[in-house]
Protein chains: 2
Amino acid sequence: MKVAIVGATGVTGGSIVDGLFASDTQFDITALVRPSSVEKPAAIKLKERGIKIIPIELQDNHEKLVAALNGIDVVISAIHYQSIGDEIPLSNAAKEAGVKRYVPCFFATIAPRGVMLHHDRKEEILDHIQRIYLPYTVIAVGWWYQISLPRIPSSKLDEGLTFANNNIIAGGNQPSALTDVRDIGKYVATIISDPRTINKKVFAFSESKTQNEIHELVEKVTGEKPQRVDMSKEQIEEQISPFKKAGESNDMRSVMEYWMSWGVRGDNTAENAVYLGYVLAKDLYPELQGRSLEEFIQDVLDGKVKKFYGQ
Amino acid sequence: MKVAIVGATGVTGGSIVDGLFASDTQFDITALVRPSSVEKPAAIKLKERGIKIIPIELQDNHEKLVAALNGIDVVISAIHYQSIGDEIPLSNAAKEAGVKRYVPCFFATIAPRGVMLHHDRKEEILDHIQRIYLPYTVIAVGWWYQISLPRIPSSKLDEGLTFANNNIIAGGNQPSALTDVRDIGKYVATIISDPRTINKKVFAFSESKTQNEIHELVEKVTGEKPQRVDMSKEQIEEQISPFKKAGESNDMRSVMEYWMSWGVRGDNTAENAVYLGYVLAKDLYPELQGRSLEEFIQDVLDGKVKKFYGQ
């Protein structure tokens, strides 16, 4: 199966590349990389692993994109969220090249429309995909283990936490679906090899936990009680409000809206995913297991998890 | 099963009332009617058929609406499209009253988002329904027989045609799903009695025909060749363009966008419905049959079909 990935040098894309390599299915991988990034270490690493690198711009480059995607079975977008508009020309080219499955960049929590601006933009990309009747598979994975853990007093977890979070949202009792970023690729490899998932939204996550349960688990594994910083619905609303008024999209707003969604509203559950039309990877592949959160905490404690972003 | 209907005095609502009465399932029907319409003939007719009439405003009337919907199993909206915003307070009240299934007003063709303003507004109502996690069933029925037939030279069909259409859109070769309005209620009665359709979108239509096939069938049944007025994609775009620029929503724009969708783009097919996440009533209920288009043409010729709107 010939797979082309956009964003293969990023965190999600990296997990996907690892997952495709580790799979029993034989994947022939192409990475579409911006010409300006081809000489960067991350791209060179991909090349060393035997991945074909195509330096290409996504915008205003239709004919070349179509040529690059000619013969490709599956296109996977793990694009940076600020570049998500590039999925319009990418999906148009995929349609013309006869790509059999397009996986837009959804690899996060699930929610209805109108809750998170960031998520709504992903839905608008899906709207476009549907207008051109491009075969697709949406893959959502829930909230990432890597940004779910609190710091502990000894700071022993700090090295492995990309984004430590000691805030307990609205009491900390909403269950939320969680996945180790390192397992995203494993789920993706399985889902894109399955004809049942064509034109479907799939929710693939490893565990469901409340924040209170996460704190208990951290204490159990590390022997240290994490600090709790209570954060109410109103406090989150107050932080989002100025961005909303200004129509501004940024990292802070995005994080706050995610917290509002999974933490206050409780959107990010298997039950709600089914309500919203997703099929569950747990139903499709009962034997497919991701790492447990407990295992992840132990890995962080043992220095086996690398921090990502800004490294 | 206790059913409350909004818009029961309208065309779609009337078909739904008939369908519920004709069903094997025992439905206890309540009609929510504007206080100003309670004394109108259509409302009095409903009352004479044993339907409970509740005179009620939908806007700014939350507590009374909740009380009216208390104990109701299924709420069906067959609201006029210009009042579709009233579905927000209606669905909020349904949620609070514990209604088990809410059927928003979709009873027309299927299409992706961003093709028809009118359809997008329906999708936005569904977004709201999903944000409040109200159990729902979307029922689309395709384009109506009643607005699909051309006039014939002898004018023999005119009396039964609500909206005669001799325009052949973009060559007339796109297949499109069609249903007799009189059968909408039959489909609705079956679908809302089925636990499998909860939180699903269902496409229930009777026949799939191209415009050229419709003309042939009219000629076969009536012995007269209908006039063909060719209408190109560009002509439709030209007619829609000023409304789009002005951000204006009106009947003409709505009809033109429907034509663009089913006639030019070819959105309104079973195949596309499945792609867009609908389940097909034909798959769920292979034995459930609507009137054929041929039967409908004969009925019009025989004066058995009444024109609706503006009568």
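Under the condition of being within 18 Å of residue B:214 (Cβ to Cβ), away from every other protein chain (no Cβ under 14 Å) and over 17 Å from the mean Cα position of the chain (by Cα), the residues counted in segment B:261-291 number 1. Of all residues in segment A:177-208, those satisfying the criterion of being out of contact with any helix residue (DSSP H, G or I) (no Cβ under 6 Å at 6 or more places or on another chain), open to solvent by 10 Å² or more (accessible area, probe 1.4 Å) and within 19 Å of residue A:259 (Cβ to Cβ) are A:205, A:208. In segment B:59-67, the condition of being of a type in the set (Val, Ile, Thr) and either under 23 Å from residue B:183 (Cβ atoms) or under 23 Å from the mean Cα position of the chain (by Cα) (or both) is met by no residue.
Just one of the numbered conditions (1) within 24 Å of the chain's Cα centre (by Cα); (2) within 29 Å of residue B:82 (Cβ to Cβ); (3) not aliphatic (A, V, I, L, M) is not true of residue B:215: (2). The criterion of at least 1 residues that are small (Gly, Ala, Ser) is met by the following helices (runs of 4 or more DSSP H) wholly inside segment B:62-135: B:62-69, B:87-97. Scanning segment B:221-243 for residues that are in contact (Cβ under 8 Å) with a residue 60 or more places away in the chain and not aliphatic (A, V, I, L, M) yields a total of 9. Return a yes/no flag: does segment B:242-251 have any residue that is aliphatic (A, V, I, L, M) and surrounded by 18 or more Cβ atoms within 10 Å (Cβ to Cβ). No, because not a single residue in segment B:242-251 is aliphatic (A, V, I, L, M) and surrounded by 18 or more Cβ atoms within 10 Å (Cβ to Cβ).
Number of residues in segment B:81-98 that are more than 22 Å from residue A:113 (Cα to Cα) and touching a helix residue (DSSP H, G or I) at 6+ places or on another chain (Cβ under 9 Å): the value is 2.
Look at residue A:216 and say whether it is open to solvent by 30 Å² or more (accessible area, probe 1.4 Å), without any contact (Cβ under 8 Å) to a residue 40 or more places away in the chain and either in a strand (DSSP E or B) or closer than 26 Å to residue A:136 by Cβ (or both). Here the answer is no, as residue A:216 does not meet what is asked. Entry remark, segment B:24-48: residues being open to solvent by 30 Å² or more (accessible area, probe 1.4 Å) and out of contact with any Pro (no Cβ under 8 Å at 6 or more places or on another chain) number 13 in total. With respect to the conditions (1) crowded, with 19+ Cβ neighbours inside 10 Å; (2) farther than 20 Å from residue B:137 by Cβ; (3) in contact with a Pro (Cβ under 6 Å, 6 or more places away or on another chain), residue B:51 falls short on a single one, namely (3). Residues in segment A:54-82 that are open to solvent by 50 Å² or more (accessible area, probe 1.4 Å) and either of a type in the set (D, E, K, R) or without any contact (Cβ under 8 Å) to a residue 60 or more places away in the chain (or both): 10 in all. Taken over segment B:123-182, residues that are within 14 Å of another protein chain (Cβ to nearest Cβ), in contact with a Pro (Cβ under 9 Å, 6 or more places away or on another chain) and not hydroxyl-bearing (Ser, Thr, Tyr) amount to 9. Evaluation of residue A:111 against the conditions (1) open to solvent by less than 10 Å² (accessible area, probe 1.4 Å); (2) more than 13 Å from chain B (Cβ to nearest Cβ) shows that the sole unmet condition is (2). Pairing residues of segment A:287-311 that are at pLDDT below 95 with residues that are of a type in the set (S, T, N, Q) and open to solvent by 70 Å² or more (accessible area, probe 1.4 Å), at Cβ distances under 7 Å and at least 6 apart in sequence or on separate chains, gives no pairs at all.
In segment A:95-103 there is at least one residue that is of a type in the set (A, V, I, L, M), over 23 Å from residue A:187 (Cβ atoms) and away from chain B (no Cβ under 14 Å).
The values are calculated or read from the model by the stated rules, or taken from the named source; none is laboratory data. Not measured: the values here are computed from a predicted model. We place every Cβ from the backbone using ideal geometry, glycine too, and count neighbours over all the protein chains shown. Heads up: the accessible areas ignore ligands, DNA and RNA and are worked out on the full protein's heavy atoms, side chains in. Shrake-Rupley method; radii C 1.70, N 1.55, O 1.52, S 1.80 Å.
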